[in-house]
Amino acid sequence: MDITQRQWTPANGWTVLPAGSDAAQLVLVFGGTAQLDVDRYNELHAAYPGALVVGCSTAGEIAGTSVSDDTLVVTAVRFAHSQVRLASARVEGSGDDRRIGSTLAAQLLGPGLVHVFVLSDGLHVNGTELAAGLQDGLPPGIAVTGGLSGDGARFTRTLVVADAPPAERVVAAIGFYGERLRVGYGSLGGWDPFGPDRLITRSVGNVLYELDGQPALALYKRYLGEHAAGLPASGLLFPLALRGADDTDTGLVRTILAVDEADGSMTFAGDVPQGTHARLMKANFDRLIEGAAGAAQASRLTAGAGLAVLISCVGRKLVLGQRIEEEIEGVRRVLGDGVALTGFYSYGEISPYAPTARCELHNQTMTITSFAED
């Protein structure tokens, strides 16, 4: 596996791009919403004519152990023994996410499939349903990882590149094929719960209307206090942890995408099922950094040097602030200097959930997918 990385900044443009002769099969591009435009896409397509160019807009870009905003981070991969294929779909309306996931999975089925990596619109897709559809359409043993695209803390528009110019309402899924390809993954958080458990008494999919029979938004605002004025962005600092109706910890965390003042509801990146319990969470700096290292340990491969794609939640970035690179440095210490690091800050992370092994939508985690060939 041969990996090269380049970056584009508004001030300096590209670091050197090849002149149309690069043999890469896959080019991953992550960048700011304004920077991820048609001109940059066309330049990448010309530089890597034989590669699939796939990526998304972000709430921050990861290159090595550096985190930047409003740049483009490009990682070109040439596999020695593996192949990649792309499937994509457009999100036309609400409630169609599970079918889209199943359709993408069906398009990628084929001999030698070992993994699926998905990048989705971050504002118009219910990540829980998308993940479920992908899982339903794949045979046992084929895992799905990836994430929802971001738009800083603006929540205005997100973009996906599916070997075509960046566009809204798009989902891209990459299939990886080859018996010598090794894939590892891990997903961990690091938030502390506070306040009492609340029963979700009314919800529809990923829209929460009532907690303990009270309007959800009003109750949530009381907990946030002065932070309530900054919703929905400030909600990234106070996600909800879900607990099952049977009092078991689901291990899933949900982050707000939007609020509706008229009906007192909150829309989350994934489902908030009626009948489950929810509890607010707040940041613990050290545990967030430890969570990133734990995800790296879970994803670590013994096959040697390769690529690790890091997808961390925008909420973690807002909380860690100037300490943000500490979580990336923690990943580097675990994976070693020989592994190329790329990735982005997202509106949701997709990875198997350890207790069930099913693909799930996560929020507020660091999710890592590692690739290597032997």
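Think of the chain as having a plus end and a minus end, set by charges on the Cβ of Lys, Arg, Asp and Glu; of Gly235, Pro193, Ala298, Ala298 sits farthest toward the positive end of this dipole.
Sort out for me the Cα centre separation of the range 30-76 from the range 121-185, rounded to whole Å. A separation of 16 Å, based on Cα centres. Annotation: per residue accessible area for the range 163-235 equals 42 Å², rounded to a whole number [probe 1.4 Å, protein chains only]. Per residue, the accessible area of the range 267-374 comes to 34 Å² when a 1.4 Å probe rolls over the protein heavy atoms.
With 22 Å as the cut-off, how large is the P(r) tail for the range 1-99, expressed as percent of Cα-Cα pairs?
Values: 1672 of 4851 pairs.
Above the 22 Å cut-off, the range 1-99 has 34 percent of its Cα pairs.
In the chain, the longest principal axis of the Cα atoms and the axis of helix 324-335 are about 60 degrees apart.
The angle between the Cα long axis of helix 285-299 and the longest principal axis of the Cα atoms of the chain comes to about 50 degrees, rounded to the nearest 10. Hey, what angle do you get for helix 127-137 against the long axis of the chain, alpha-carbon based, 0 to 90 degrees rounded to 10? Tilt of helix 127-137: around 60 degrees. For the range 1-159, the solvent-accessible area with a 1.4 angstrom probe is 37 square angstrom per residue.
May I ask you to derive the relative contact order of the range 154-251, considering only C-alpha pairs under 8 Å and at least 6 residues apart, and to give it as an integer percent? If you can, show how the numbers build up before the last one.
Values: 66 pairs, mean separation 11.6, N = 98.
It comes to 12 percent, rounded to a whole number.
Amide H contacts of Leu52: Leu26, Val27, each under 5 Å away and 5 or more positions distant or on a separate chain (H built 1.01 Å from N in the peptide plane; Pro and chain starts excluded).
Using a 1.4 Å probe over the heavy atoms of the protein chains, calculate the carbon and sulfur portion of the accessible area of the chain as a whole percent.
Values: 6930 of 13870 Å².
So the carbon and sulfur contribution to the accessible surface is 50 percent.
Short-range pairs are left out: with C-alpha atoms under 8 Å and at least six residues apart, the relative contact order of the chain is 20 percent. When only the Cβ of Lys, Arg, Asp and Glu is charged (+1, +1, -1, -1), the dipole of the range 115-232 relative to its Cα centre reaches about 120 debye. Toward the positive end of the charge dipole of the chain, with +1 on the Cβ of Lys and Arg and -1 on the Cβ of Asp and Glu, the farthest Cα among Pro273, Gly133, His115 is that of His115.
Computed about the Cα centre, the dipole magnitude for the chain is approximately 240 debye when only Lys and Arg (+1) and Asp and Glu (-1) carry charge, each at its Cβ. Please report, to two decimal places, log10 I(q)/I(0) for the range 186-280 at q = 0.22, 0.24 Å⁻¹ as given by the Debye formula with identical point scatterers on the Cα atoms and no solvent. Listed by q, the Debye log ratios stand at -1.16, -1.40.
The values are calculated or read from the model by the stated rules, or taken from the named source; none is laboratory data. Quick caveat, the model's predicted, so the values are computed rather than measured. Positions of Cβ are generated from backbone atoms using ideal geometry, with glycine treated the same way; all protein chains shown enter the neighbour counts. Note: accessible area is taken over every heavy atom of the protein model, side chains too, but ligands, DNA and RNA are not part of it. Shrake-Rupley method; radii C 1.70, N 1.55, O 1.52, S 1.80 Å.
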